[in-house]
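In what follows, a single structure is set out as structure tokens and then discussed.
The numbers here are math on the coordinates, done by the rules we state, and not lab data. All of these numbers come straight from a predicted model, not from anything done at the bench. Note that each Cβ is placed from the backbone with ideal geometry, even for glycine, and that neighbours are counted across all protein chains shown.
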Amino acid sequence: MKKDVQTKREREKEMVSQMIALYCKKKHGTGKGLCADCAALEEYARERSEKCPFMETKTFCSNCKVHCYKPDMREKIREVMRFSGPRMLFHHPVAAVRHVIETKKEKRRLEETK
């Protein structure tokens, strides 16, 4: 089970990095790298994911009952997700489809436990 949690954690960190990179490239006109603000956000998001005690039972941060992001970082990541989410289908289609499927499964699971 430990390996599954670590795989899930790495997948989540990769997804958030891809979304931030897409956002930064389109909004800030960066080439390959990230601007300073986006690099700080990526580091913060990856750190939060690494320390998440609920990784075994949750799918994504948006489904978590405990929000561990500081309010300003939480707003920044929401902006990134709003922008990058719909565009991920064109830039990272496999990851985007996997995300949609896992989100649907999680919503179904949460409804069944009510």
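Points to keep in mind about this one:
- For the residue pairs LYS65/LYS107; LYS25/LYS107; LYS27/LYS76; LYS8/LYS107; LYS26/LYS76; LYS13/LYS70, the C-alpha atoms sit more than 23 angstrom apart in LYS25/LYS107.
- Entry note, the chain: the mean residue ellipticity at 222 nm calculated from DSSP H runs of n ≥ 4, each adding -39500 (n - 2.57), is -25500 deg cm²/dmol after division by the residues and rounding to the nearest 500.
- DSSP-loop trypsin sites (Lys or Arg not before Pro) across the stretch 1-72, with at most 15 other Cβ within 10 angstrom: LYS32, LYS65
- Coupling constants for the stretch 35-52 follow from the phi torsions by the Karplus curve (6.51 cos²θ - 1.76 cosθ + 1.60, θ = phi - 60°), and in residue order they are 5, 4, 5, 5, 5, 5, 5, 4, 4, 5, 5, 5, 5, 4, 5, 4, 9, 5 Hz; glycine and proline get x.
- Mean shadow area of the stretch 1-89 over all directions, Cα convex hull, nm²: 6.0
- Taking other C-beta atoms within 10 Å as the exposure proxy, LEU22, LEU110 rank LEU110, LEU22 from fewest upward.
- Reducing the stretch 5-50 and the stretch 56-114 to their Cα centroids gives an inter-centroid distance of 14 Å.
- Karplus (6.51, -1.76, 1.60) ³J(HN,Hα), θ = phi - 60°, over the stretch 4-12, in Hz, Gly and Pro reported as x: 4, 5, 5, 4, 4, 4, 5, 5, 5
- Each residue of the stretch 93-106 is assigned a 3J(HN,Hα), and the resulting list reads x, 5, 5, 5, 5, 4, 4, 4, 4, 5, 5, 4, 4, 5 Hz, derived from the Karplus form 6.51 cos²θ - 1.76 cosθ + 1.60 (θ = phi - 60°), x at Gly and Pro.
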